[in-house]
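Okay, so here's the structure we're looking at.
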Amino acid sequence: MGILNVTPDSFSDGGQFFDTQAAISRGEELARQGAEIIDIGGESTRPGATPVTAKEELRRVIPVLEALRARVKVPISVDTMKPEVARASLEAGASMINDVGANRSSPEMWELAAKHGAGYVCMHMQGTPATMQANPVYEDVVREVAEFFFERLKQLNGCGLGREQTILDPGIGFGKTLEHNLDLLRGLAGFAELERPLLVGVSRKSFLSRVSRSGADSRLAASLACACLAVERGAQIIRAHDVAETLQALRMTEALLARDGK
Ligand code: 9MG
């Protein structure tokens, strides 16, 4: 899954792709590099990011989505926490909603995904992007995330969202300390019993710098190390900025695991 941020305050590209035309070109490039899904996001979810209105998010996302729909063959996902944005995106041809706010209690987003037969990424987060890194606490992060998935799958099913539409994501960096992130990556295989595809997003995240002692602009090698481990532990979708490099690393990992073609 290639990341296409259309935000002026994106932590990873500094707003480089905020301009609509540039975003469209970048989306085409991600597809050329081998992304099998393009994930468009119009609101930054980095810790402490300023929320945007639905109107502004729609202004950023919809023109890029519409243009890319006509230019790339791969499915397009929209990264949004707002049902209003999800609705317009699904009507404009998005195939999937990447919902980092799946910890909410209202069912509107789930009903929308169900109605459109769309893919739905159910990501775990403790808190909200504004507060999540203040003091995340778990007794056992892997067990608690698994319990969240288990309960959510029941609720999603109750909203008409089939298991086959749902992808689970432990939400690396979303209300997690460095140790929680490492525990989740090590423990990914424990989510296999839920029998849903697993998505993992580690690309360029700040915790990588703390372990690898790399600067904010040189987290690629650390991102790849985590992506390879995630695939080895059962992840099927890796959300990444650096698609060409990630694919190289994952092809090598698959060959080593003798799981070619998976
Ligand atoms: C939007 N976004 C940023 N990081 C992410 C992650 O790890 N997973 C998903 N699903 N979305 C993310």
Complete set of residues in the range 127-153 that are open to solvent by 40 Å² or more (accessible area, probe 1.4 Å) and modelled with pLDDT under 95
Thr128, Ala130, Thr131, Gln133, Ala134, Asn135, Val137
Determine whether Ile167 is open to solvent by 10 Å² or more (accessible area, probe 1.4 Å), within 17 Å of the chain's Cα centre (by Cα) and of a type in the set (A, V, I, L, M).
yes
Within the range 47-57, is even one residue crowded, with 16+ Cβ neighbours inside 10 Å, away from the ligand (no atom under 13 Å from the Cβ), outside any helix (DSSP H, G or I) and not aromatic (Phe, Trp, Tyr)?
yes
If I filter the range 208-221 for residues that are within 13 Å of the ligand (Cβ to nearest atom) and touching a Cys at 6+ places or on another chain (Cβ under 9 Å), do I get at least one hit?
yes
Number of positions in the range 46-85 that are at pLDDT 95 or above, within 16 Å of the chain's Cα centre (by Cα) and within 27 Å of Ala134 (Cβ to Cβ):
4
Filter result for the condition that a residue is surrounded by 21 or more Cβ atoms within 10 Å (Cβ to Cβ) and either at pLDDT below 95 or over 24 Å from Arg233 (Cα atoms) (or both), over Leu90, Leu156:
Leu156
Output the residues belonging to the range 98-141 that are within 16 Å of the ligand (Cβ to nearest atom), in contact with a helix residue (DSSP H, G or I) (Cβ under 6 Å, 6 or more places away or on another chain) and within 21 Å of Gly187 (Cα to Cα).
Cys122, His124, Val141
Met109 within 25 Å of Gln236 (Cα to Cα), assigned to a loop (DSSP other than H, G, I, E, B) and modelled with pLDDT of 95 or more
no
Residue pairs meeting the criteria (Cβ under 7 Å; at least 6 apart or on separate chains; first over 22 Å from Ala118 (Cα atoms), in the range 18-39; second in a loop (DSSP other than H, G, I, E, B) and of a type in the set (Phe, Trp, Tyr))
Ala23/Phe17; Arg26/Phe17
Acidic (Asp, Glu), surrounded by 17 or more Cβ atoms within 10 Å (Cβ to Cβ) and either within 16 Å of the ligand (Cβ to nearest atom) or over 22 Å from Leu220 (Cβ atoms) (or both): which single residue out of Asp39, Asp19 fits that description?
Asp39
Taking the range 162-193 and keeping residues away from the ligand (no atom under 16 Å from the Cβ) and among the aliphatic types (A, V, I, L, M) leaves Ala189, Ala192
Any hit, the range 101-115, residues being within 15 Å of the chain's Cα centre (by Cα) and touching a residue at least 40 places away in the same chain (Cβ under 8 Å):
yes
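The values are calculated or read from the model by the stated rules, or taken from the named source; none is laboratory data. Values in this document were obtained by computation on a predicted structure and should not be read as measured data. Glycine also receives a Cβ, built like all others from the backbone with ideal geometry; neighbour counts cover every protein chain displayed. SASA here: full protein model, heavy atoms, side chains in, ligands and nucleic acids out. Shrake-Rupley method; radii C 1.70, N 1.55, O 1.52, S 1.80 Å.
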